[in-house]
Amino acid sequence: MTTVLVTGGAGFIGSHVAERFLAEGWAVHIVDNLVTGNRANIAERATFHELDIRDARAAALVAELKPTVLVHLAAQMDVRKSVAEPVFDAETNIVGSLNLIEAVRLHSPATRIVFSSTGGAVYGDQTTPPNAETFEKNPESPYAVAKLAVENYLAYYGRVHGVQSAVLRYGNVYGPRQDPHGEAGVIAIFCGRLLDGRPLTLFGDGRQVRDYVYVGDVVEITWRASTRDLPPAALLDARAFNVGTGQPTDVLRLVSVLAAVSGSVASVEHRSERPGEQRTSFLDVRKSAEHFDWRPRVSLEQGLALSYEWFAALHAARGLTQREGAR
Ligand SMILES: NC(=O)c1ccc[n+]([C@@H]2O[C@H](COP(=O)([O-])OP(=O)(O)OC[C@H]3O[C@@H](n4cnc5c(N)ncnc54)[C@H](O)[C@@H]3O)[C@@H](O)[C@H]2O)c1
C-alpha cells in the first residue's frame, strides 16, 4: 500500500486532503500538534501522531515510514501573529519544515514533498495581478517570508540533493471545517456571524480583492501534484503552481452572494481600513491548468452554498447539544 504523511491533517485543508488519499486506497498518517487543528477532523482510518513538526520524533517518523508523499500543511498561519512573533513563526514555518525536509534527504530520498505556500502573500504589493508564478516576490509579512524561504530550500534541495517537491501557492481557501473563530478565513467568519445573527464587519470600503478557491478544488490539485509527473527541478518557480480561480472577488460580492445563499438579510458594520492591508491580490492559474489539466470546478456561488450549509448544520447540532445539556 502506498503511504502519505499529511502534516496539519487535523486542520482545515489537511483533513480534506487526508480523506482524499484514504478514498484512493493509500495508507494515511497524520502529524499534528492540535494547536489550531481539531481531533474531530481526523479521518477515522488515518493513523494519528500527535507531534510537533519541530520535534526530532517527527523527523524519526519520516525516516521510519518512508512515505511515497509528504503533504506538508502544518504551519503557524496567522499573518498578524507572524508580525507580532516573527521568531515563533520562523521556528514553526522554517525550522519545522527544514526538520522534515532534512529527514527526507537523509532517510527517505524517494519521498515527494508537496508544500503549501501562499499565492496570496508571496508576491506582495509591487506586482499587477493576476500574479503568475514567475512574477517578482516581495513578501510583506514574516509569514510570507517564511513560506518563500521554504520554497527556496526546496528548490535548493531539488537542485543539489535531488529531493522531489512541488509547491502549491494557494489563494484564499474556503469551505467546510475552516475555523470561523480564527483571524483568517473571511468566509468562515461571515458564515459564523450570519448564523449567530451578528453583523458582518467590513473594513474600509469592502473593495479588497482576493482569489477565493474552494477546498475541494485545492484537494484535487494536491492529489495531482502528489501523483503526476513534475517539471524538471531547476529554479525557484519551476515546480511552483498557483492555486486559485483567476477571478478577482471583493468582500462586497462575498456579502451579497452569502446573503443570497443563506436567505438572510446580512447586516453590515463598517470599520476603518486596516493599515497595511493588501488591496488587490489574485492569481494567474494557467500553469496549473496546463501542467496538471486542473481547473477549479466549484463556482463562488456553489462554494459559498456548500460552506454555508455545512456551517448551518454544525450550528444546528451545537444548538441541539446545548438545549439537551440545559434539560
Ligand atoms: N487557508 C488558506 O486560505 C491558506 C492560504 C494559503 C496557504 N495556506 C497554508 O495551508 C496550510 C493549511 O492551512 P489551513 O487553512 O488548513 O490551516 P489550519 O490551521 O486549519 O491547519 C494547520 C494545521 O497545522 C497544525 N500545526 C500548526 N503548527 C504545528 C506544529 N508546529 N506541529 C504540528 N502541527 C502543527 C495545526 O494544529 C493545524 O491542524 C498552511 O500551511 C497554510 O499556511 C492556507
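All of the numbers you see were taken from the coordinates with simple rules; none came from a lab. No experiment lies behind these values; they were computed from the predicted model shown. Note that we place each Cβ from the backbone using ideal geometry, even for glycine, and neighbour counts take in every protein chain shown.
Tabulated values for the structure
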| read-out | value |
| --- | --- |
| Gain in span if fully extended, residue 265 to residue 318, counting 0.36 nm per residue against the direct Cα distance | 16.8 nm |
| ³J(HN,Hα) computed for each position of region 104-118 - Karplus, 6.51 cos²θ - 1.76 cosθ + 1.60, integer Hz, glycine/proline x | 5, 4, 7, 10, 8, x, 7, 5, 8, 9, 10, 10, 8, 9, 10 |
| Neighbour-count order for 88, 282, fewest beta carbons within 10 angstrom listed first | 88, 282 |
| Candidates per GluC sites (Glu not before Pro) in region 132-188, loop by DSSP, up to 13 other Cβ within 10 Å | 136, 183 |
| Under-5 Å amide H pairs with residue 114, H placed in peptide plane, nonlocal only | 70, 71, 72, 166 |
| Among 185-196, 168-179, the order from most to least packed when residues are scored by Cβ within 10 Å on average | 168-179, 185-196 |
| Loop-located chymotrypsin sites (Phe, Trp or Tyr not before Pro) in region 201-246, at most 11 other Cβ atoms within 10 Å (DSSP) | none |
| Farthest toward positive dipole pole in the chain [+1 Lys/Arg, -1 Asp/Glu at C-beta], among 88, 296, 166 | 296 |
| Over region 152-223, relative contact order from alpha-carbon pairs under 8 Å, at least 6 apart, % | 32 percent |
| Cα centre as origin, Lys/Arg/Asp/Glu Cβ charges: the chain dipole, Debye | 340 debye |
| Fewest-first ranking of 128, 7, 68, using other Cβ atoms within 10 Å as the exposure measure | 128, 68, 7 |
| Residue among 55, 250, 237 with the largest mean-square fluctuation in a Gaussian network model of the chain, springs linking Cα atoms under 10 Å | 55 |
